[in-house]
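The structure appears below as structure tokens.
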Amino acid sequence: MQNQQMNQSMMQSPPPAITSKDLQYLKDALSWELLAFKKFHFLAQQATNPNIKQALEKAGQMHQNHYQKLLSHLQVNNNTVLASMQTMQQNQQQNLQ
């Protein structure tokens, strides 16, 4: 099983179109990241030890950054991308005929 994971390469950029399954996963991930950010922010506000407060704030910032990164993947006009992909496929099929 580890060999399979090692043979898979990491995606360097998001796909041009997001499927409904991808969208649902991203929505779940956004919810998890937002909840983690809120919890760390709350705990940092309650902490009295400066070292613990700083560690909690850092963890909260990490989750906030993850949230922003995921959100940027959703800021794609999916319909436009899908339409352009269909047009490209139609052109390729016509060229083959």
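The values are calculated or read from the model by the stated rules, or taken from the named source; none is laboratory data. As the structure is a prediction and not an experimental result, all values here were calculated from the model. When we count neighbours, we look across all protein chains shown, and the Cβ atoms used for this are built from the backbone with ideal geometry, even at glycine.
Across segment 60-97, the qualifying residues are those that are of a type in the set (Gly, Ala, Ser) and over 11 Å from Glu33 (Cα atoms), and the one among them that is modelled with the highest pLDDT is Ser72. Restricted to segment 18-97, the set of helices (runs of 4 or more DSSP H) holding at least 1 residues that are surrounded by 14 or more Cβ atoms within 10 Å (Cβ to Cβ), touching a Cys at 6+ places or on another chain (Cβ under 6 Å) and hydrophobic (A, V, I, L, M, F, W, C) is empty. Close Cβ contacts (under 9 Å, 6 or more residues apart or on different chains) running from residues in segment 83-97 that are under 20 Å from Thr19 (Cα atoms) to residues that are of a type outside the set (S, T, N, Q) comprise Ser84/Pro16; Met85/Pro16; Met85/Ala17. Regarding Leu30, is this residue at pLDDT below 90 and touching a helix residue (DSSP H, G or I) at 6+ places or on another chain (Cβ under 8 Å)? No: the conditions fail for Leu30.
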